[in-house]
């Protein structure tokens, strides 16, 4: 049965490529599938019942190793997809519930503190672009010079599922990009996510900040600030590239500062 499992895993990943799934999604699925197949090679399951038991054992071990609820949830999704490709009922592996954690936006003070220790002009530009456009780190690193209109400040972003959207930058950012991109073609930042993540880890430690200072936190900060400034949530949805507005609505729970301001403003009228 091990050969059948390997074939199903290969077919799954091949289909993902044909469907245009992101490289990150394919990488994550491949990593989980490789881990699982490596684990069961020692005692290969001989039937459906043994396979499902092996999957449950695999997930339980990950839980004992201290993997987060989100990670266990992801592993479960991957294994349930593998069962589908093997034409085995996936409901035999239950999907654990995951509490929806609120996005972690940075305060103005935290952002200033972080930027103060950033001494590399390239990384400073990366951080400012993430904060001022709400792009995902993968989207920014895949951004090509030709995708940026430096006359209008319009940027064409290729998001999840190769879905394009438009974001805008101001004159200050336009000038910074003009200065940086001189003589460049192809990708604006030809580097890896790992390099950026490593830089963030090093600099947030230097600034005395906690682990919430990540490239993705800057996307959350962008969305939260726009909401606090009164932008329509439907416009924020378009800027972030969310396919469903319910994903964007989580930011309405984050903006406590704006909530307090609005409540106090109206309480005065009640007196």
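The numbers here are math on the coordinates, done by the rules we state, and not lab data. Keep in mind that this is a model prediction, so the values were computed, not measured. Here Cβ is always computed from backbone atoms with ideal geometry, including for glycine, and neighbour counts include all displayed protein chains.
When each of the peptides 185-193, 216-224 is scored by the mean number of other C-beta atoms lying within 10 Å of its residues, the order from highest to lowest reads 216-224, 185-193. Between the helical axis of 121-133 and the longest alpha-carbon principal axis of the chain there is an angle of about 90 degrees.
Classify the chain: rounded, prolate or oblate, from the alpha-carbon gyration tensor (a ≥ b ≥ c, eigenvalue square roots; a/c under 1.5 rounded; otherwise prolate if a/b is larger than b/c)? Provide the component values of the computation, followed by the final result.
Working: a/c = 2.11, a/b = 1.58, b/c = 1.34.
Since a/c reaches 1.5 and a/b is larger than b/c, the shape of the chain is classed as prolate.
Axis of helix 2-18 versus longest Cα principal axis of the chain: the two differ by about 30°, to the nearest ten degrees. Under the simplified labelling scheme, the residue 174-residue 267 pair shows an inter-label distance of 4.4 nm, with each label point 7 Å from Cα along Cα→Cβ. Considering only 53, 203, 160, the Gaussian network model of the chain with Cα springs below 10 Å gives its largest mean-square fluctuation to 53.
Compared with the direct C-alpha span, the chain from residue 107 to residue 61 gains 12.8 nm at full extension, assuming 0.36 nm per residue.
For the range 148-216 versus the range 73-135, the spacing of their alpha-carbon centroids is 16 Å.
Please state the relative contact order of the chain as a whole percent: Cα pairs under 8 Å, 6+ residues apart?
Numbers: 265 pairs, mean separation 48.9, N = 271.
In percent, rounded to a whole number, it is 18.
Taking Cα atoms, how many degrees apart are the long axis of helix 69-85 and the longest axis of the chain, rounded to 10 and kept between 0 and 90? Roughly 50 degrees between the two axes.
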